[in-house]
Amino acid sequence: MQFRKKDLLGIKQLEPEEIEVILETAETFKEISTRPIKKVPTLRGRTVVHLFYEPSTRTRTSFEIAAKRLSADTFNISASTSSIVKGETLVDTAKNLEAMNPDVIVLRHSAAGAPHMLARRVEASVINAGDGMHEHPTQALLDLLTIRDNKGTISGQTVAIIGDIAHSRVARSNIWALTKMGARVLVAGPNTMIPQDLDKLGVEVFNRLEDVIPEADVIMMLRIQLERQGKMLLPTLREYSKVFGLNEEKLSTAKPEVLIMHPGPINRGVEISPSVADGPYSVILDQVTNGVAIRMALLYLLIGGEKDE
Ligand code: CP
């Protein structure tokens with residue numbers, strides 16, 4: 001199957017076969033990052049702009065590394081050091097960038113739907129690097145790749161997503177991705193951080209960590225998104241950590257081959273203890289490594305081959 005899309009805006013719009021193509025393509029790109037000279041000419045002459053209205057370490061750096069390893073030219077624009085601080089709108093910023101003829105705009109924005117709106121207004125391919133509380137599709141794809149690397153398959157795995165589900169774009173994209181690929185998804189968190197009707201997305205909802213840990217092949221811990229919570233949704237971080245934080249004691253009831261994942265950034269000692277984050281079941285840094293391969297694959301599939309949209 002060929003990948004024929006102009007943009008990568010969310011997991012919701014992808015067919016399982018398209019997700020499979022992205023994962024397979026990422027597998028083929030992994031090897032480039034292990035070479036002494038980590039560069040191939042695949043996207044020579046192409047231009048990728050990273051337009052980030054929110055902070056990022058992993059996503060932005062791995063997109064830049066991915067583009068550079070494919071020999072594309074890259075440009076980074078941060079809200080704080082651009083004319084955005086003078087009041088320029090997203091559309092005006094993008095139109096001005098487009099006047100310089102980039103091939104891809106990678107956008108992170110606090111507003112849900114911002115990449116979708118941009119994609120309708122510009123000729124360049126748009127990649128969603130996280131839009132508000134909506135989606136973070138490239139994170140979900142690198143998470144799928146990490147699960148497949150370690151478990152051999154995604155279908156049939158039981159994945160527990162734990163924490164602040166309501167404010168997490170990572171959770172939303174992973175729920176779409178995992179259910180599309182045939183995984184069983186359990187979510188657990190305080191009632192105040194679980195959206196109503198979440199079970200309609202095909203997941204099972206719990207309020208106790210103890211109910212999901214023994215069932216899970218993969219445990220995905222989430223950061224509490226304090227910056228997105230309008231009001232305090234829990235008594236104290238200490239209380240949250242006691243009830244929903246993953247430590248070695250709680251992990252002792254897990255399956256022997258369980259995988260521990262976290263999209264980062266980690267709040268050590270809040271949602272996950274340092275000994276679990278750095279322990280033998282953790283694949284958190286493998287997720288980061290896979291982020292480069294997934295983003296290389298997406299850049300290649302969007303602008304390296306033929307497209308008809
Ligand atoms: N996982 C993730 O999106 O991390 P950053 O915010 O550092 O990009």
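Label the stretch 1-84 by shape, choosing from rounded, prolate and oblate, from the square roots a ≥ b ≥ c of the eigenvalues of the Cα gyration tensor; if a/c is under 1.5 it is rounded, and otherwise prolate applies when a/b is larger than b/c, oblate when it is not. Intermediate values should be presented prior to the final figure.
Numbers: a/c = 1.96, a/b = 1.21, b/c = 1.62.
Oblate, since a/c reaches 1.5 and b/c is not below a/b.
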Students often forget the sequence filter, so: which lysines lie under 30 Å Cα-Cα from residue 5 once same-chain residues fewer than 8 apart are removed?
30, 38, 39, 68, 95, 151, 180, 200, 307
Row for the stretch 125-169, column shape: gyration tensor on C-alpha, a ≥ b ≥ c, rounded if a/c < 1.5 i.e. under 1.5, prolate if a/b over b/c, else oblate; value oblate
Two pseudo-spin positions, 7 Å from Cα along C-beta at residue 226 and at residue 243, lie apart in nanometres by 1.8
Which residue, 222, 91, 245, has the largest displacement toward the positive end of the dipole of the chain when charges sit on each Cβ (Lys, Arg +1; Asp, Glu -1)?
91
Enumerate the lysines that residue 242 could reach by cross-link, defined here as Cα to Cα under 17 Å, with residues fewer than 8 away along the same chain left out.
250
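Convex hull over the Cα atoms of the stretch 41-106, averaged projected area in nm²?
One quarter of the hull surface, i.e. the mean projection, equals 4.3 nm².
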For the chain, the longest principal axis of the Cα atoms and the Cα long axis of helix 137-151 enclose an angle in degrees, to the nearest 10, of 60
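Tell me, what is the FRET efficiency for residue 86 and residue 12 to the nearest 0.05, using R0 = 35 angstrom and their Cβ-Cβ distance as r?
Efficiency at R0 = 35 Å is approximately 0.55.
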About the Cα centre, and with charges only on the beta carbon of Lys, Arg (+1) and Asp, Glu (-1), how big is the dipole of the chain? Nearest 20 debye, please.
720
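Assuming 0.36 nm per residue, please report the length gained on full extension of the stretch residue 111 to residue 275 beyond their Cα-Cα distance.
55.5 nm is the gain from fully extending residue 111 to residue 275.
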In nm, to one decimal, how far is the modelled label at residue 38 from the one at residue 96, with both set 7 Å along Cα→Cβ?
3.3
Mean Cβ-within-10 Å packing, highest first, puts peptides 214-226, 6-18 in the order 214-226, 6-18
From the helices alone, meaning DSSP H stretches of at least four residues, give me the mean residue ellipticity at 222 nm for the chain, per-run term -39500 (n - 2.57), in deg cm²/dmol to the nearest 500.
-10000 deg cm²/dmol
Compute, for the stretch 1-138, the length of the dipole vector about the Cα centre, with Cβ point charges of +1 (Lys, Arg) and -1 (Asp, Glu) only. Units Debye, rounded to 20.
460
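Coordinate-derived values only; no laboratory data. These figures come from a predicted structure and were not determined experimentally. Please note: Cβ atoms are built from the backbone with ideal geometry, for glycine as well, and neighbour counts cover all protein chains shown.
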